[in-house]
Amino acid sequence: MLNFLFLSLGLVLLVFGGELLLHYSVIFARIIRLSVIWISVVIISFGTSAPELIVSMGASYQNLPDIAIGNVIGSNIANTLLVLGIATVIQPIKIQLKELKLENSLLLLLFLLLAVCMYFGRLNIIFGLMCIACLIGYLCYSCRNSVVSDLPADKDIDDGKSALKSLGLAIIGLLMLMAGAELLIKGAVGIARLLNISEAVISLSMVALGTSLPELVTAVFAAYKGKNYITLANVVGSNLFNIMVVLGLTAFFFPMTVNPHFMQIDIWVMGALTFMLFLVMVFMKTINRIMGAGLLFSYAIYITYLYVSNDGS
């Protein structure tokens, strides 16, 4: 009964938190004349990756590296297939985001670094330092070169008080998302354990899906409001921060041994999706509903494979 209560309360917090975060972060960007895309990639993506960071750091501290690593791999797969798929089915995404070239390229390079380190069986302090260096370099470069919004500022809200209020409400929305995701994860994992589902499957599916819920809720609100460019920026940014911040910081403080299980299919699914996203952003102008449905179908196949073939090893 308590698990279902966690699920319900978590869902309520996610819905209201997502609305606050999306609405007031866009208003804040307009007020201070900063690119909404930069806000989406850096601020929103960093915030919506907080559940992954909390889960992975906590799991590594408790000597559960499989959950820490599986959470990030599963979350990046869920972001690309589920979050992007649902948002695109609701409304096709027009790709006009030159600002995401750097993020896409960095995401591909970081995946290659991750794959090499996982191949040798260890995510250690060196991997963590390289990720932290990439993070510092990216933030310095992106802050210096962030594109100022060409949207006209609203005269009625163009003052410091309104900017502070909008920022505060956006932060409250983000905190509600994080709390909602945590409650929903507790409920889902509790139910899964009652059904005797293995922790390996839980980490790659339920925990990963739960920590991706902030991205999912933000994407759904953005799609319904005709702001799908935020969804694409958030997916790319969140996948980037999951490797660079979540795995980077976790490996720096708690070096992890990689379970060979992840090298069988999961890391390669993540890599294929990273490369696919890079190609789509470079060569396509629109992600249509048919492609969105294909992404959702692919996610269903992946989850089915996990539950059918994963024995928790």
Subset of region 121-131, residues touching a residue at least 40 places away in the same chain (Cβ under 8 Å) and either outside any helix (DSSP H, G or I) or more than 18 Å from the chain's Cα centre (by Cα) (or both), comes to Gly121, Arg122, Leu123, Asn124, Ile125, Phe127, Gly128, Leu129, Met130
Any chance you could count how many residues in region 104-120 are in contact (Cβ under 8 Å) with a residue 60 or more places away in the chain and farther than 23 Å from Asp66 by Cβ? 5
Counting just the residues of region 292-313 that are modelled with pLDDT of 85 or more and open to solvent by 60 Å² or more (accessible area, probe 1.4 Å), which one comes out farthest from Thr88 (Cα to Cα)? Tyr305
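Per-residue answers, yes or no, for (1) out of contact with any strand residue (DSSP E or B) (no Cβ under 6 Å at 6 or more places or on another chain); (2) crowded, with 18+ Cβ neighbours inside 10 Å:
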{"site": "Ala251", "(1), (2)": "no, yes"}
{"site": "Phe254", "(1), (2)": "yes, yes"}
{"site": "Asn259", "(1), (2)": "yes, no"}
{"site": "Asp266", "(1), (2)": "yes, yes"}
{"site": "Val269", "(1), (2)": "yes, yes"}
{"site": "Leu273", "(1), (2)": "yes, yes"}
{"site": "Ile287", "(1), (2)": "no, yes"}
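Within region 255-291, can you find the residues that are outside any helix (DSSP H, G or I), touching a Gly at 6+ places or on another chain (Cβ under 9 Å) and modelled with pLDDT under 90?
First pass over region 255-291, keeping only residues outside any helix (DSSP H, G or I): 255-259, 264-265, 284-288.
Those still in the list that are touching a Gly at 6+ places or on another chain (Cβ under 9 Å) too: 255, 257-259.
Scanning region 255-291 gives a single hit, Asn259.
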Quick check: is even one residue across region 218-231 β-branched (Val, Ile, Thr) and open to solvent by 60 Å² or more (accessible area, probe 1.4 Å)? no
Given the options Ile39, Ile32, name the one that is at pLDDT below 75 and either within 20 Å of Ala78 (Cβ to Cβ) or surrounded by 21 or more Cβ atoms within 10 Å (Cβ to Cβ) (or both). Ile39
Restricting attention to region 143-180, and to residues there that are at pLDDT 70 or above and among the basic types (Lys, Arg), which single residue is surrounded by the fewest Cβ atoms within 10 Å (Cβ to Cβ)? Arg144
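Yes or no, residue by residue, for (1) open to solvent by 40 Å² or more (accessible area, probe 1.4 Å); (2) over 16 Å from Met206 (Cβ atoms):
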site: Ala50; (1), (2): no, yes
site: Val55; (1), (2): no, no
site: Val72; (1), (2): no, no
site: Ile90; (1), (2): yes, yes
site: Ile95; (1), (2): no, yes
site: Val116; (1), (2): yes, yes
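Residue-wise test of (1) modelled with pLDDT of 90 or more; (2) polar (S, T, N, Q); (3) touching a Phe, Trp or Tyr at 6+ places or on another chain (Cβ under 9 Å); (4) not in a helix (DSSP H, G or I).
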{"residue": "Gly47", "(1), (2), (3), (4)": "no, no, no, no"}
{"residue": "Glu52", "(1), (2), (3), (4)": "no, no, yes, no"}
{"residue": "Ala68", "(1), (2), (3), (4)": "no, no, yes, no"}
{"residue": "Val72", "(1), (2), (3), (4)": "yes, no, no, no"}
{"residue": "Leu82", "(1), (2), (3), (4)": "yes, no, yes, no"}
{"residue": "Val89", "(1), (2), (3), (4)": "yes, no, no, no"}
{"residue": "Leu106", "(1), (2), (3), (4)": "yes, no, yes, no"}
{"residue": "Leu112", "(1), (2), (3), (4)": "yes, no, no, no"}
{"residue": "Tyr138", "(1), (2), (3), (4)": "no, no, no, no"}
Tally of residues being open to solvent by less than 40 Å² (accessible area, probe 1.4 Å) and hydrophobic (A, V, I, L, M, F, W, C) across region 57-70: 4
What are the residues in region 206-227 that are at pLDDT 75 or above and either of a type in the set (S, T, N, Q) or on the phi > 0 side of the Ramachandran plot (or both), if any? Ser212, Thr218, Gly226
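The values are calculated or read from the model by the stated rules, or taken from the named source; none is laboratory data. These numbers were taken from a predicted model, which means no experiment stands behind them. Neighbour counts are summed over all protein chains in view; Cβ atoms, including those assigned to glycine, are modelled from backbone coordinates with ideal geometry. Just so you know, the surface numbers come from the protein's heavy atoms only, side chains and all, with ligands and any DNA or RNA stripped out. Shrake-Rupley method; radii C 1.70, N 1.55, O 1.52, S 1.80 Å.
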